[in-house]
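Have a look at the structure below, then the notes.
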Amino acid sequence: MAYEIYLDNNFIGDNLGISESNNIDLQYSDSTTGNALLTARKLKSRLWSFDFVMDLNKDYNDKKALFDSLKEKILKEEISFVCLHEGVASISAWVVILSITPDYSVDNVVTYSVEVLEYKKPVKTVIKFNTFNYKPATVKTTPAKTKKSTILSKNNPYVLELLKCNPVFNCKNRNQKCVSLLQRLLQMDGYYTKFRVDSWFCDKTLKELKKWQKNKAKIKVTGKFDNATKNYLKKRFNIK
């Protein structure tokens with residue numbers, strides 16, 4: 001029997017399977033500028049991923065509007081996540097949406113791939129900033145809701161992990177964890193948003209990486225995760 005998925009109290013649809021894993025340790029906090037920040041914490045959070053397949057000729061328009069509204073909340077605020085199996089809640093948690101990616105590669109069908117990260121109630125901590133208007137900021141019990149979320153500082157777990165590995169263009173290998181980190185980084189900066197995170201460094205990822213190097217990083221366009229790219233990320237996120 002299919003799983004019934006609810007996000008932010010909205011019925012998303014039936015799904016045949018959900019993938020669960022312990023993911024990076026993230027929590028939300030509040031900065032002196034009012035922007036939401038993700039910071040590292042000791043406890044691991046669960047990550048759930050699932051797909052929805054919809055017929056473009058049926059209820060696509062209504063579902064698209066729902067997914068578009070949920071996209072506005074990606075990495076910005078916590079929402080409710082409920083999964084029912086045979087009428088019983090098998091999962092009930094507060095989560096942060098990491099990504100919602102549509103795939104139109106099959107005629108008359110769209111597949112939405114969704115990733116949500118379990119939201120942990122934060123413990124009190126102090127966030128330090130190297131700014132002239134610095135003042136201590138403590139974590140609040142609810143994340144700040146802003147029009148644009150500031151993604152991480154020097155503690156960015158995605159970037160730290162990405163710098164430790166080396167994603168390489170390889171159309172034969174579809175399962176490279178390092179590539180998924182690169183794809184998520186591209187999505188956070190507004191690139192690779194039309195594709196799903198598939199851990200596959202082939203033509204789509206190559207094309208989006210080149211766009212990112214030219215327009216975002218403003219470095220030499222090579223399509224490679226080279227030293228210039230690493231140095232840009234280190235400088236941007238204040239990583240030594």
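Using a Debye calculation, one point per C-alpha and no hydration shell, please list log10 I(q)/I(0) for the range 154-240 at q = 0.13, 0.17, 0.26 Å⁻¹ in order. For the range 154-240, the Cα-only Debye profile gives -0.35, -0.62, -1.54.
When Rg and Dmax are taken over the Cα atoms of the range 175-217, they come to 9.2, 28 Å. The phi torsions of the range 101-113, fed into the Karplus equation with coefficients 6.51, -1.76 and 1.60 and a -60° offset, translate into couplings of 10, x, 10, 10, 5, 9, 4, 6, 9, 10, 10, 9, 9 Hz, rounded to whole numbers, with Gly and Pro shown as x. Ranked by how many other Cβ atoms sit within 10 Å of their own Cβ, fewest first, the residues S180, S92, S99 fall in the order S92, S180, S99. Among the listed pairs K214/K234; K204/K224; K71/K172; K71/K234, a Cα-Cα separation exceeding 20 Å is found for K71/K172; K71/K234.
Every number in this text was worked out from the coordinates using simple rules, so none of it is lab data. Because the structure is a prediction, the values reported are computed rather than measured. Don't worry about glycine lacking a Cβ; one is built from the backbone with ideal geometry, like all the others, and counts go over all protein chains shown.
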